[in-house]
Amino acid sequence: MTSVYDNAVEAANFIKTKTSLVPEIAVILGSGLGGFADEIEEKIYISYEEIPHFKKSTVQGHAGKLVIGKVGGKVVACMQGRYHFYEGNTMQEVVFPIRVFKILGVTKMVVTNASGGISKMLQNGDLMIIRDHINYMGSNPLIGHNDERFGPRFPDMSEIYNKKLSNIVAEHMRKLGLGVKTGIYIAFTGPSYETPAEILMARQMGADAVGMSTVPECITANHMGIKVVGISCVTNMAAGVSENRLTHDEVCETAGFMRETFKKLLRNFIPD
Ligand code: 6GU
């Protein structure tokens, strides 16, 4: 039987036949934030379905492509669209690309998402640097056989979101005239949005923003020693925080407004 490690090596070898660039930084683009790929120079696109052991991505607003190229001299591997747990993917399938990035030589990861604001300190259109997370998905991507070539059985998670990298992002946000907010991201499985009672619970647990992604990828990156920085785009307020009903269209619309700001931020800080 082949292992996840062997599969990841096979996927990495396939990617290496498509480009001689060796990525140092992985970037995961969330709902509606895929436009950043336009900023990448000397880029090549690889559809997920071409890559061995990658699954097809289905959700609206996600192109399902790996984009490899340069941003200010740094080689990046950018996921335009990610795998969600709510699509019926297993946790292992959700995080498989992160395993492949490690094999390719990635040492840092920028993860982005669209989220609902829980904290009263947040509003629509804010960017929140993820300081820490709460895994409320009822599962963990590291469940099952542990391959020591990736990392230890019981990895420490006391600083998933690298402080130094987060400070660099904060500096760039200030330079662009954006308010700097940091907070705790909580992940529910989705696909239903939360009830007002669930959001109240999440607030009492210390969460500032809520979403359906990011946590599995960041646990896995940390397992392998990849340094992570997380940026959450608050596209709407969570249930009960505002009177408005939640729609995926609103999420995509707000993310669309933030497209240019977001692109500029990533373009500025990645070379740093
Ligand atoms: Cl309110 N909840 C979840 N789980 N994900 C979201 C969201 C809310 N808003 C954007 N993404």
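Condition check ((1) charged (D, E, K, R); (2) in contact with a Ser or Thr (Cβ under 7 Å, 6 or more places away or on another chain)) across all residues:
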{"position": "28", "(1), (2)": "no, yes"}
{"position": "34", "(1), (2)": "no, no"}
{"position": "43", "(1), (2)": "yes, no"}
{"position": "85", "(1), (2)": "no, yes"}
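Applying the criterion of at least 3 residues that are more than 16 Å from the ligand (Cβ to nearest atom) to the helices (runs of 4 or more DSSP H) found wholly in region 160-242 leaves 163-175, 215-223.
Look through region 193-247, keep the residues that are of a type in the set (Asp, Glu) and modelled with pLDDT of 95 or more, and return whichever of them is farthest from the chain's Cα centre (by Cα). It would help to see each step written out before you state the result.
As a first pass, look at region 193-247 and keep what is of a type in the set (Asp, Glu): 194, 198, 208, 217, 243.
Going one step further and asking which of them are modelled with pLDDT of 95 or more, we end up with 194, 198, 208, 217.
Details: 194: 20, 198: 23, 208: 17, 217: 7 Å.
That would be 198.
Take the conditions (1) within 14 Å of the ligand (Cβ to nearest atom); (2) assigned to a loop (DSSP other than H, G, I, E, B); (3) in contact with a helix residue (DSSP H, G or I) (Cβ under 8 Å, 6 or more places away or on another chain); (4) open to solvent by 20 Å² or more (accessible area, probe 1.4 Å); residue 134 misses just one of them, which is (2).
In region 92-120, the residues that are open to solvent by 10 Å² or more (accessible area, probe 1.4 Å) form Cβ pairs under 6 Å with partners that are within 15 Å of the ligand (Cβ to nearest atom) and among the polar types (S, T, N, Q), at six or more places apart or across chains, as follows: 114/31; 114/235.
If you go through region 1-31 and keep only what is touching an Asp or Glu at 6+ places or on another chain (Cβ under 8 Å), touching a residue at least 40 places away in the same chain (Cβ under 8 Å) and either away from the ligand (no atom under 16 Å from the Cβ) or not hydrophobic (A, V, I, L, M, F, W, C) (or both), you end up with 3, 4, 5, 21.
Within region 79-119, which residues are within 16 Å of the ligand (Cβ to nearest atom), more than 27 Å from residue 197 (Cα to Cα) and of a type in the set (A, V, I, L, M, F, W, C)? The answer is 94, 111. Scanning region 1-44 for residues that are open to solvent by 20 Å² or more (accessible area, probe 1.4 Å), part of a helix (DSSP H, G or I) and out of contact with any strand residue (DSSP E or B) (no Cβ under 9 Å at 6 or more places or on another chain) turns up 4, 5, 6, 7, 9, 10, 13, 16, 17, 38.
For (1) in contact (Cβ under 8 Å) with a residue 24 or more places away in the chain; (2) open to solvent by 10 Å² or more (accessible area, probe 1.4 Å), each residue gets a yes or a no:
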| position | (1), (2) |
| --- | --- |
| 208 | yes, yes |
| 211 | yes, no |
| 245 | no, yes |
| 248 | yes, yes |
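Sub-7 Å Cβ pairs linking a first residue in region 156-177 that is of a type in the set (Ser, Thr, Tyr) to a second residue that is open to solvent by 40 Å² or more (accessible area, probe 1.4 Å), at least 6 apart or interchain, are 161/131; 161/132, ordered by first then second residue. Residue 49 meets each of the listed conditions (1) open to solvent by 60 Å² or more (accessible area, probe 1.4 Å); (2) part of a loop (DSSP other than H, G, I, E, B); (3) in contact with a Gly (Cβ under 8 Å, 6 or more places away or on another chain) apart from (2).
The values are calculated or read from the model by the stated rules, or taken from the named source; none is laboratory data. On a predicted model such as this, the values are computed, not experimentally measured, just so you know. Counting neighbours? That spans all protein chains shown, and the Cβs are built from the backbone with ideal geometry, glycine included. These area figures cover heavy atoms from the full protein model, side chains too; ligands, DNA and RNA do not enter into them. Shrake-Rupley method; radii C 1.70, N 1.55, O 1.52, S 1.80 Å.
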